[in-house]
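Notes for the one structure printed next.
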Amino acid sequence: MSHTITVLSGDGIGPEVMVEALNVLDAVSEKFSFKISRSEHLVGGAALDATDNETPLPQDTIEACEKADAILFGSVGGPKWENLPPDIQPERGALLPLRKHFGLFANLRPGSCLPALTHASPVKNELIPNGFDVLCVRELTGGIYFGDPKGREERDGEIVAFDTMVYKKSEIENILHVAFKAAMGRDKRLTSVDKANVLATSVLWRETANEVAKQYPEVTMDHLYVDNAAMQLVKRPDSFDVIVTENLFGDILSDEMAMISGSLGMLPSASLGKVKDSGLYFGMYEPSGGSAPDIAGQGIANPIAQILSISMLLRYSLGETAAADAIDSAVQKVIDSGLRTGDIFTGADGETKANTAVITAAIVANL
Ligand code: IPM
Ligand code: MG
């Protein structure tokens, strides 16, 4: 079996973590006898630097992604590019167009806290004796991020700015199917989050969720308003299984989930497009955390989010399930062994501080 992926390492800790994480990919591809051909391309600040600030997403990067089975993304952005016009800043000018161009409508963001790492969570430990494991399914190509009209103009002598939150019923159905299917593979519980007491889009969202639910009788669904969901997540994160919500709410709730899970450096994410004939998704896979310019270049960043992003890529886009399982269990073993990068190190008995390369080598050794 042979697969093609495009690697976009980006900025900050992206490149140094990616170099290490690709060692894991090489090791599993050898162990499970499949070939990966991969090409690396510029994105984000790295692309701006190379194009004299013309674009954070060059055409040849897009073309390389079009030819691939999946995109493995690092992270983009940093202080160097913060004062450029918003449309060409690394985050907005590269991430959002990639999502739109490839129709990556389903963003899966696991927010889990392993029982061994509850001390790193800001949630009171007595509330999460066994950690938690929530999956946020965020709609990624609709809603207020992309709705028309969007802009600013003068009205009655003053400037007004406006964004439009708009959802087609089909967009809501598509993301709900992804969420229900995810719930079927987990604990079969789904929480749909909206603001149906205020927003027209949310009224349609809730109606549609109730309709789609009929096709998944085994899944128990409930609805929460987004403000209440934000509260319940910090109070009882272990009571959630899968959460599904629209783009902006998902942006906010998934950051909250990442924070309460203790370390952003542990969390991967997948942005999935349409299902291909093979039954697999085209997708883009990236750590949930950012480019962390403050620690870039020191070789101390946690590589686990990037490594687990490779696991998600293998599972959803390449169908290499055994290799994905092997990575997940190797990561688990390394955490259980006490090795920790600085972000999750507390100095407790049994913990050993380790850098990016040491953690990765331990994961490779446990495959
Ligand atoms: C995310 C980020 C992006 C978003 C930004 C960088 C455009 O916050 O992936 O959650 O808002 O979607
Ligand atoms: Mg965000």
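The values are calculated or read from the model by the stated rules, or taken from the named source; none is laboratory data. Computed from a predicted structure; not experimentally measured. For neighbour counting, all protein chains shown are included, and Cβ atoms are generated from backbone atoms with ideal geometry for every residue, glycine included. Ligands, DNA and RNA are stripped out before the accessible areas are found, and what is left, the full protein with its side chains, is counted by its heavy atoms. Shrake-Rupley method; radii C 1.70, N 1.55, O 1.52, S 1.80 Å.
Structure values in brief
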item	result
Lone qualifier among 332, 298 - being open to solvent by 60 Å² or more (accessible area, probe 1.4 Å), in a loop (DSSP other than H, G, I, E, B) and more than 16 Å from ligand 1 (Cβ to nearest atom)	298
For residue 286: the one exception among (1) within 15 Å of ligand 2 (Cβ to nearest atom); (2) part of a loop (DSSP other than H, G, I, E, B); (3) surrounded by 24 or more Cβ atoms within 10 Å (Cβ to Cβ)	(2)
Residue ID - nearest to ligand 2 (Cβ to nearest atom), chosen from residues in segment 225-239 that are closer than 22 Å to residue 130 by Cβ and open to solvent by 10 Å² or more (accessible area, probe 1.4 Å)	234
Among residues of segment 52-95, those that are more than 15 Å from ligand 1 (Cβ to nearest atom) and small (Gly, Ala, Ser), counted	3
Among the residues listed as 239, 269, 263, the single one being closer than 19 Å to residue 107 by Cβ, of a type in the set (S, T, N, Q) and either in the same structural domain as residue 76 (by TED's automatic domain parsing) or away from ligand 1 (no atom under 14 Å from the Cβ) (or both)	269
Segment 175-222, subset part of a strand (DSSP E or B) and open to solvent by less than 50 Å² (accessible area, probe 1.4 Å), residue farthest from residue 127 (Cα to Cα)	194
Where a residue in segment 245-267 is closer than 17 Å to residue 127 by Cβ and open to solvent by less than 20 Å² (accessible area, probe 1.4 Å) and its partner, wherever it lies, is within 14 Å of ligand 2 (Cβ to nearest atom) and not hydroxyl-bearing (Ser, Thr, Tyr), with Cβ under 9 Å and at least six apart	257/109; 257/111; 257/136; 257/267; 260/111; 261/111; 261/267
In segment 346-365, the residues that are crowded, with 16+ Cβ neighbours inside 10 Å, out of contact with any Gly (no Cβ under 7 Å at 6 or more places or on another chain) and not small (Gly, Ala, Ser)	358, 359, 360, 363, 364
Qualifying residues in segment 252-271 (those that are in contact with a strand residue (DSSP E or B) (Cβ under 6 Å, 6 or more places away or on another chain) and polar (S, T, N, Q)) - the one farthest from ligand 2 (Cβ to nearest atom)	261
